[in-house]
Amino acid sequence: MTRILSVYRNCSRGGMATVYYNRAKAAPEETHDLVFIEDKGGIALFDDLPNVNVRITGSDRGASYIKYVTKEFVYSEIRITTCSDMIEYIHPIHNPKILYEFHTPFRDQMKKELGKINLNLLHGLLVPSKNSAIILRELLPSTEVQKVQVRPNLLDPNFLNANLMDNRFKWGDRTPILWIGRFDNQKNANDFLRIISGLPDKYHGVMVLSLNDQGEIFSDFVGDVYSYNLENRLSILLNMSKSQMLDLYSSVKQRGGAFCSTSVDESFGYTVAEAAAFRLPTIAFDVGALREHEYSDIHLIPVGDNVAAIRKILELAPIQEPSNGSPLFSLRTIAHFLKNRVHG
Amino acid sequence: MQTNNFVNNDLELPFEIKAQELLFFVEESRDVNIVLRASVDEAHSHKADIGKAALVVLIFLDKDEHVILPSTELPISPNLGTYRYLNVSEDGSAETSITVRIPKNATKLKIQFRSWRAEIPVRLLDISIAQQNHESATPIKLLENLLSKRNPSRPIFIIYTTAPQMGHPSITLRSNRFALGLAKQGALVLFFPFGGANQNNMQYGDDIIQFQRTYLTEVLDVVSAARMNNVTFICSAFSDHQAVCAIDYARICGWKTVYECRDDMEEFRRSGYAKWHYPRLEMRAVDMASTVTAVSPRLQQKMRELSKRKRIVHLIPNGVSDDFLAKSKHARHLSVLSSRSKMKVVGYIGHLTSSWFDWPLVIRAAAAAPDLEFQLIGFGEPKNLELPENVKLLGPKTHDEFISISKDWGVGIIPFIPSKLTYGVDPNKLYEYLALALPVVSAPMGGVTESPMTEVYYNTTDFLPLLQKSLETHYSARDLEVLEAYLESCRWPNRISAATQLIEAVQ
């Protein structure tokens, strides 16, 4: 029986937890032991997977825990992300294959993580895209380059095959535009606000955040929401479950909405791929690994070109008449709107 | 609880711990609690390291007897796994209690006993093992179970509040009263108290379930997944980021939402409390909720100012419980009311913190009126107070004790330091004083200007004259009628009814 150990810092509802979930779901014959250091509310995500064991050690027990389990259990692979300090505690007795995974698109961050790793202890360096592989290879000594392997993140096929008609969310006469992310430099939430503010009032921004105990940051963001006069045109949702996300994608699609990514870089672009695989019109800044996805529903826009993003949303997700579903505005009206809204 | 479900039961107690094992059947996702008693001989009982003389190692096994990934709730040794040292004593009274969640796929628990200091023999005297439902699973599972049988159109109220848990031994605030009142009307109430609720208090009566605040998103998920369509989310003074996002979530589910302003949280934060509060988040709650209420005119005005669209904010003050009205009914007689004008005792019940209780004012008044006695019920007074002899600190008292003590009072006071915080308060003690037919002298705040038998001082120099005036006032049967009518309008059921009518009026 193949047994895999993955070690990461935060057990939250998004990000790496989803990566681990989909890997384990795609390989039910493997046992996946997931060891996290901090509890950020994501532990219940794995409840429906019988082949997954999740443990959260806390910072004071992490080292002892890794020492013990790597001695007691035979792992075919041990995968570490960001917790490079845990590598030295891996017991060599079963000679496991030790891999370090990079899930950041930022060169500086990769460099920082590399600076903490003893490459001699590693059998491989994993990245989720060819784009990330190029960046990583440039940072490595030539003797280590062959360790780089591309392993794309997996999407959940059952999730994507769902086609729910009865879902729990109601949009009235608004057209929802979905955004998923965090308040950090990568996800670039402010450009999403600018895009929504540039659209007609019938468009409604739906922001799904992965957030814990960041009251001050959230407060600052709400200030920005008011600055853009978006307080009635934005819904901010926190830490959604898989079933809520399923309903959200489904209801946005049924209402003729779209997905919008304003990330300034992506090591893989999970949410973009997921939205597009769900056949949601997906508008994203052309960054990082996004060109590696082969979904026709992904429409890439020059990074930071909010006007282009607005045009594309108007084209792909025109406002629907509530009764007959026909577009509310003609193309001529849209062009006129853009001319006034953008250029004043 | 199941007890002592041993697989092998061939160990005879007591035994000297060397390297024995016990195997026990378990059920995954429950908690197992193990209680052990162990002893050492007198010769060893005073050694410094008897606390490390023996230990137990806990190992969970699956149905194929494979070892399961160890729990993280106990200390872990890189060599042994999860363990706990045994508490020991000469008389064997020392207990070691271990509670750990049974992991997924576990069917057996192996307990290994190990001597860890060979020179200190340890005897195991007793062991008991019991399984119970895991605490965090209980309220969510309970909710799912209830919802599966519930008509989707029956009302559900989710109350997210700064109030304490239901059943708190000494504090019952507005949100607690609302929860009780709504449950009495047939609603299911999902209650999120500020400090969470004790494990054995998760289900409060048939129709109130309490949750830790960390479960809010999960509860919203469960309720919306069950397609409940008559749901109201009430944020009661606790507009943190969770609540603000919950209001947004409730809106897109088609639920009703309420923001209830009970205190000036911005001022609490300025005073060093309520560090979770940010005015912008309260602003968003006010703007996004379908109904906004406030307990006092000052807070009503503040919420209007906070709202970008200057929305209507409804005034629903605090109130008085039917229970207290019944207990104090004996005091609402003309004879009792008349007798108060002969009393020379000034009374107060409540917190005595110098953050808002005007100690300098009360001390000055007491010093200037040695013929009056000031009786103060409560706690939180500053240290090193130099009090005149006619100021008595009675300490905290129960409601029944307060009712008894107050029969000797001539007037009840609310001497708060004027501040943004106190102006916004609608003091519960006002209603309690009046229920006892106790005239009131108060600093300006809340609804005190609208209440009968109440004098309000706007300058501290007016405090003592108003006290004396109040003590000399003779009240009539007409005053008593007005008082009864006022108290009737202030009953908590009427406050709750006013709130629910507002909520239902929203399209």
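Where a number appears in this text, it was derived from the coordinates with a stated rule and is not lab data. Just so we're clear, the structure is a prediction, and the values are computed from it rather than from any experiment. Cβ placement follows ideal geometry from the backbone for every residue including glycine, while neighbour counts extend to all protein chains displayed.
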Geometric extent, Cα atoms of the protein assembly as shown - Rg, Dmax (angstrom): 32.4, 100
Over chain A, equivalent-ellipsoid semi-axes from the Cα gyration tensor in Å: 40, 21, 18
Members of B:LYS329/B:LYS429; B:LYS342/B:LYS469; A:LYS187/A:LYS253; A:LYS71/A:LYS97; B:LYS275/B:LYS420 lying beyond 20 Å, as alpha-carbon distances in this model show: A:LYS187/A:LYS253
Alpha-carbon centroid distance for the pair segment A:92-135 / segment A:224-243, whole angstrom: 35 Å
Radius 15 Å from Cβ of B:TYR475, net charge of other residues (Lys, Arg +1; Asp, Glu -1): 0
Cα-centred dipole magnitude for segment B:16-167, charges only on beta-carbon of K, R (+1) and D, E (-1), debye, nearest 20: 660 debye
Of A:ALA27, A:ALA277, A:ALA133, the one that fluctuates the most in a GNM where chain A has Cα springs shorter than 10 Å: A:ALA27
Size descriptor, Kirkwood hydrodynamic radius, that averages inverse alpha-carbon separations across segment B:192-284, Å: 14.4 Å
Sites excluded, GluC sites (Glu not before Pro) in DSSP loops with at most 14 other C-beta within 10 Å, longest stretch of chain A: A:30-293
Global size of chain B as Cα Rg and Dmax, reported in angstrom: 29.4, 87
P(r) weight above 25 Å for segment B:179-337, C-alpha pairs, percent: 39 percent
0 to 90° range, to nearest 10: angle between helix A:331-343 axis and chain A longest Cα axis: 70 degrees
Quotient of Cα Rg and 2.2 N^0.38 Å for segment A:190-324, N being how many residues it contains: 1.03
Environment charge of B:SER354, counting only residues whose C-beta is closer than 15 Å and scoring Lys/Arg +1, Asp/Glu -1: -1
Within segment B:399-496, GluC sites (Glu not before Pro) in DSSP loop having at most 13 other beta-carbon neighbours inside 10 Å: B:GLU450
Rounded tilt (10° steps) of A:242-254 against the dominant C-alpha axis of chain A: 30 degrees
Point-charge dipole on Cβ atoms (K/R +1, D/E -1) for the protein assembly as shown, about Cα centre, debye to 20: 2020 debye
Cα Rg, Dmax (largest Cα-Cα span) when computed across segment B:272-381, Å: 20.3, 55
Summed residue charge, Cβ within 15 Å of B:SER115's Cβ, Lys/Arg positive, Asp/Glu negative: +2
Selection from B:MET265, A:VAL287, A:ILE313, by position along the positive dipole direction of the protein assembly as shown (Cβ): A:ILE313
Descending semi-axes in whole angstrom, ellipsoid equivalent of segment A:100-143, from the Cα gyration tensor: 15, 11, 10
Among beta bridges that DSSP assigns inside chain B, antiparallel share in %, nearest 5: 50 percent
P(r) weight above 22 Å for segment B:59-140, C-alpha pairs, percent: 37 percent
Which listed pairs, of A:LYS202/B:LYS256; A:LYS67/A:LYS242; B:LYS149/B:LYS256; A:LYS116/B:LYS104, have C-alpha distances above 30 Å, in listed order: A:LYS67/A:LYS242; A:LYS116/B:LYS104
Descending semi-axes in whole angstrom, ellipsoid equivalent of segment B:16-76, from the Cα gyration tensor: 29, 13, 11
Mean separation of Cα contacts under 8 Å, 6 or more apart, over the residue count of chain A: relative contact order %: 14 percent
Positive-end residue, segment B:106-264 charge dipole about Cα centroid, Cβ charges, pick of B:ALA106, B:ALA243, B:THR232: B:ALA106
Bins of 10 Å from zero: percent of alpha-carbon pairs in segment B:1-110: 13, 43, 33, 10, 1
Rounded tilt (10° steps) of A:215-227 against the dominant C-alpha axis of chain A: 20 degrees
Pairwise centroid distance, computed over Cα atoms, of segment B:418-456 with segment B:189-258, Å: 32 Å
Tail weight of P(r) past 26 Å, computed on alpha-carbon pairs of segment B:321-432, percent: 20 percent
Average Cα contact separation per residue, segment B:353-408, under 8 Å, 6 or more apart, as relative contact order %: 35 percent
